[in-house]
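Chemist: Handing you a structure now.
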Amino acid sequence: MKNINNEGIKNKEKFSEPPALTKEYCDKAIQFILKKIDQNLEDFTYKYPAPASVNNVYPAIDNVEWTSSFWTGMLWLAYEITKDEKYRKVAEIQLESYKKRVDERIGTGTHDLGFLYTLSSVAAFKLTGSESAKNISIKAADLLMERYFEKAGIIQAWGNPDDPENGGRMIIDCCMNLPLLYWASEITGDKKYHDAAASHIKQAEKYIIRDDASSFHTYFMDIYTGKPKYGQTVQGFSDNSCWARGQAWGIYGFPLSYKYTDDYDLILLAKKVTNYFINRLPEDYVAYWDIIFTKGEEERDSSSAAIAACGLLELSKNLPLTDNDKRSYENAAMHIVKSLVENYTSKDCPESNGVLLHAVYAKPHNKGIDECNIWGDYYYFEALVRLVKDWKSFW
Ligand code: GLY
């Protein structure tokens, strides 16, 4: 295992007590999300919210983006907690468009297949046992395997893997896409998917996580030799800064690989990555879009907070009672969620069709700055569901 620094939790007192976050309080927050879903259900049955809102309103688009499944995943969460068939009906209608995407390879040249199919067809299979959902998911896992670059032991992020400019790139986000592969091995009995995912996560530990436990957004391996080259940001402030959402993908992604590999090093690593993140949170627990910023006027990324909250709960769940940080991580998740509920939802912005305001998609590319992000809405919902019930994960 690489020698990555563990800062420990520096401001322990900030996380020593949970906030007042009762089941009733979380249920009320969930009711708000369900109301938003109900308002959007008709517009987003055959269409999908765009990745980011414009003036806090998601435009309706076809199922072509990497983000469609966050909406479908919200429908499955809604179905799971209410058992109301109206959510299942729309989520099942949408499965057709996910099938079309894998059959016709529409926007499938990306590691994001894991996001796309875990929250749509795998969730459908887990909740309903649908054979067709199972087959769509296996096909998606096969497409994702096409991006496995054996010499480097990584899943390549996007674009043509043979392109000397863009090929050989792995990214921190991909940690969240590996559960599709682990699941495919469990369901088919073919180890190849699991082995690729398990190899990728160790390479992410080795190259994407820096010695101080911060993360590169992306990292290049040589497309001819598979040897490591250099880290580069696409959505963060700079190549050497730490993009908040990337770090959050790591907080959640490493424990998810632990779940399937039993490799406890991944939990130890997740603790270091998490400590780096929570040590840099501002007063209200919601990170700036890049955690090089800890105060001032830069935008927050509420979506990174929601992802981190889910990751903190997953990490805490996997730590023994004897671990001194277990409670702090759980408390940190609850502080984040409480802050989101209090100050980041669209409750005072009735014109919005989103749930969480104040997220950043890609500031260096002038995309979705201080807007709603559909994945922020999804993870906020998942975090609340995790807090009110013993949730059987889609991941
Ligand atoms: N996976 C791309 C993003 O987090 O914006």
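The values are calculated or read from the model by the stated rules, or taken from the named source; none is laboratory data. Owing to the predicted nature of the structure, the values given are computational and were not obtained by experimental measurement. Glycine gets a Cβ as well: all are built from the backbone with ideal geometry, and neighbour counts include every protein chain shown. Areas reflect the complete protein model, heavy atoms only, side chains present, ligands, DNA and RNA absent. Shrake-Rupley method; radii C 1.70, N 1.55, O 1.52, S 1.80 Å.
Chemist: In the chain, with Lys and Arg counted as +1 and Asp and Glu as -1 at Cβ, which of these residues, 71, 149, 380, has the Cα nearest the positive end of the dipole, that is, farthest along it?
Modeler: 149
Chemist: Summing -39500 (n - 2.57) over the DSSP H runs of n ≥ 4 in the chain and dividing by its residue number, what mean residue ellipticity at 222 nm do you reach, to the nearest 500 deg cm²/dmol? List each step's numbers first, then the result.
Modeler: Numbers: 13 runs with 183 residues, N = 395.
-15000 deg cm²/dmol, from helical runs alone.
Chemist: Treating the beta-carbon of each Lys and Arg as +1 and of each Asp and Glu as -1, no other charges, what is the dipole magnitude of the range 108-219 about its Cα centre, to the nearest 20 debye?
Modeler: Numbers: 11 positive and 15 negative charges, 50 e Å.
Dipole size: approximately 240 debye.
Chemist: Does the chain classify as rounded, prolate or oblate by the C-alpha gyration tensor (a ≥ b ≥ c root eigenvalues; a/c under 1.5 gives rounded; else a/b over b/c gives prolate, otherwise oblate)?
Modeler: Values: a/c = 1.34, a/b = 1.03, b/c = 1.30.
In terms of gyration-tensor shape, rounded.
Chemist: Are there any trypsin sites (Lys or Arg not before Pro) in the range 102-156 that are in a DSSP loop and have at most 14 other Cβ atoms within 10 Å? List them by number.
Modeler: Values: sites: 105, 126, 134, 139, 147, 151; in loops: 105, 147, 151.
Those that pass, being in a loop and sparsely packed, are 105, 151.
Chemist: Cα to Cα, under 15 Å, and not fewer than 8 places away if on the same chain: which aspartates and glutamates meet these conditions relative to residue 338?
Modeler: Once the sequence-local aspartates and glutamates are set aside, what remains near residue 338 is 17, 24, 27, 283, 284, 330, 377, 382.
Chemist: What does the net charge come to around residue 133 if you take all other residues with beta carbon closer than 13 Å to its beta carbon, with K and R at +1 and D and E at -1? Could the numbers behind the result be given before it?
Modeler: Details: positive: 88, 99, 126, 134, 139; negative: 92, 96, 131.
Net of charged neighbours comes to +2.
Chemist: Also, I was wondering about something else. Taking amide H atoms as placed 1.01 Å from N in the peptide plane, list the residues 5 or more away in sequence, or in a different chain, whose amide H sits under 5 Å from that of residue 288.
Modeler: Placed amide hydrogens put 301 under 5 Å from residue 288.
Chemist: Hey, another quick one. Too long at a 19 Å Cα-Cα cut-off: which of 36/363; 202/272; 2/272; 139/259; 10/272? Don't jump to the answer; show the numbers that get you there.
Modeler: Working: 36/363 26 Å; 202/272 15 Å; 2/272 12 Å; 139/259 23 Å; 10/272 12 Å.
From 36/363; 202/272; 2/272; 139/259; 10/272, over 19 Å: 36/363; 139/259.
Chemist: Among 58, 261, 214, whose Cα sits farthest toward the positive end of the charge dipole of the chain (+1 at Cβ of Lys/Arg, -1 at Cβ of Asp/Glu, about the Cα centre)?
Modeler: Of the candidates, 261 comes out farthest on the positive side.
Chemist: Could I ask something else about it? Of 191/227; 151/317; 83/326, which ones are farther than 30 Å apart at the Cα? Provide the component values of the computation, followed by the final result.
Modeler: On the way: 191/227 25 Å; 151/317 35 Å; 83/326 32 Å.
From the list (191/227; 151/317; 83/326), the Cα-Cα distance tops 30 Å for 151/317; 83/326.
Chemist: I'd like the distance separating the alpha-carbon centroids of the range 88-151 and the range 337-378, in whole Å.
Modeler: If you average the Cα positions of each part, the centres end up 26 Å apart.
Chemist: Let's see if you can work this out: charge +1 on each Lys and Arg Cβ, -1 on each Asp and Glu Cβ, no other charges. What is the dipole magnitude of the chain about its Cα centre, in debye to the nearest 20? Mind dumping the intermediate values first?
Modeler: Values: 47 positive and 56 negative charges, 135 e Å.
Rounded to the nearest 20 debye, it is 660 debye.
Chemist: Show which aspartates and glutamates lie in cross-link reach of residue 99 when reach means a straight Cα distance below 18 angstrom and same-chain residues fewer than eight apart are skipped.
Modeler: 62, 65, 112, 131, 142, 146
Chemist: A further question on this structure: Quick one: accessible area per residue over the range 1-88, 1.4 Å probe, rounded to a whole number of Å²?
Modeler: 50
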